[in-house]
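Participant: First the structure, then my questions, so here it is.
Please treat every number below as a calculation from the coordinates, not as lab data. In this text the structure is predicted, and so the values were computed from the model without any measurement. Cβ atoms come from the backbone with ideal geometry, glycine included; neighbour counts cover every protein chain shown.
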Amino acid sequence: MKIGKKIFAVLFIAVAALFVAVFAQRNEGIVNIDLLFHTFSEVPLWLVLLFAFLIGIIFSTLLLAWDLTKIHASLATTKRVNKKLKKKIAILSKESHSEEESTDEEDDDDELHDDGE
């Protein structure tokens, strides 16, 4: 199974590299980038687009990590509350069983007193 994963990884990387090469060839124009304090002259368009794509991936990954952290915290809180509720259920169940047993004993005692009369 490990060999299959390696072959898949190599094929995926090869296809991705081919995609980047075709993308770069189709977007070979030269552009100028004017930022607030600096200007980049004669930058290949494919490089600008690739950089923007990578920034988008990084930003999306950070948002995903933030959401996963919130979900993990919510899950931990839910587990903690669930544990407390299970304890309460166990206590109430024990109380209910002890009340039933005492009621059964009282009924048995009443029957014994009725038979003695």
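Participant: Looking at the chain, what % of the alpha carbon pairs are farther apart than 18 Å?
Facilitator: Looking at the chain, the distances longer than 18 Å represent 79 percent of pairs.
Participant: Right, another one. Modelled label-to-label distance, residue 38 and residue 63, 7 Å Cα→beta-carbon offset: nm?
Facilitator: Calculated label separation equals 2.7 nm.
Participant: GNM, the chain, Cα, under 10 Å: largest mean-square fluctuation among 36, 85, 68?
Facilitator: 36
Participant: Under the Karplus relation 6.51 cos²θ - 1.76 cosθ + 1.60, θ = phi - 60°, what is the ordered set of whole-Hz ³J(HN,Hα) values for segment 35-44, x standing for Gly and Pro?
Facilitator: Result, ordered by residue: 8, 4, 10, 8, 10, 9, 9, 6, 9, x Hz.
Participant: Sticking with this structure for a sec: Find how much the distance from residue 71 to residue 30 grows on full extension, using 0.36 nm per residue of separation minus their present alpha carbon separation; answer in nm with one decimal.
Facilitator: 10.3 nm
Participant: Continuing with the same structure: Can you list the lysines whose alpha carbon sits under 18 Å from that of residue 84, skipping same-chain ones fewer than 8 residues off?
Facilitator: Those lysines meeting the cut-off are 94.
Participant: For segment 2-116, what does the relative contact order come out to in percent, with C-alpha contacts under 8 Å and a separation of six or more?
Facilitator: RCO, segment 2-116: 12 percent.
Participant: How tilted is helix 45-116 with respect to the longest principal axis of the chain? Cα atoms for both, answer in degrees (0 to 90, nearest 10).
Facilitator: 0
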